[in-house]
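What follows is a single structure, written as structure tokens, with notes after it.
The values are calculated or read from the model by the stated rules, or taken from the named source; none is laboratory data. Quantities reported herein were computed from a predicted structural model and do not represent experimental measurements. Because the Cβ atoms are built from the backbone with ideal geometry, glycine has one as well, and the counts that use them run over all protein chains shown. Remember, those area values only see protein heavy atoms, side chains included, never the ligands or the DNA or RNA. Shrake-Rupley method; radii C 1.70, N 1.55, O 1.52, S 1.80 Å.
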Amino acid sequence: MALQRARVRRIVLTVEDLAAAEEGPGAQLSLDPEREARLRIDPVLDRLNARWGHRVVRPAATYRNVS
């Protein structure tokens with residue numbers, strides 16, 4: 001009997017104690033670890049660019065090779 005990889009077809013999320021939007025910002029839920037990493041680094045990039053100039057520091061994917 002061969003083992004097969006199971007496919008995730010559905011994820012169910014249950015929430016409790018929801019607050020009204022007027023009570024302040026909440027936290028965005030993401031199941032994508034790469035997106036989470038980008039969300040964590042964005043404020044750091046903003047602070048560096050504010051200190052050293054616009055677009056001094058940016059993600060490597062935004063650079064183009066101009067050779």
Cα centre as origin, Lys/Arg/Asp/Glu Cβ charges: segment 1-51 dipole, Debye: 520 debye
Accessible solvent surface per residue of the chain, calculated while the other protein chains remain in place, 1.4 angstrom probe, Å²: 111 Å²
Order by protection proxy (mean Cβ within 10 Å, highest first), peptides 24-31, 9-16: 24-31, 9-16
Cα-based helix-to-principal-axis angle, 33-52 vs the chain, degrees rounded to 10: 20 degrees
Carbon and sulfur %, accessible surface of the chain computed with the full protein complex present, 1.4 Å: 53 percent
Förster radius 30 Å - calculated FRET efficiency between Glu23 and Leu3 (Cβ-Cβ, nearest 0.05): 0.05
Leading residue at positive end of dipole, the chain (Cβ point charges), from Gln28, Ile41, Leu3: Leu3
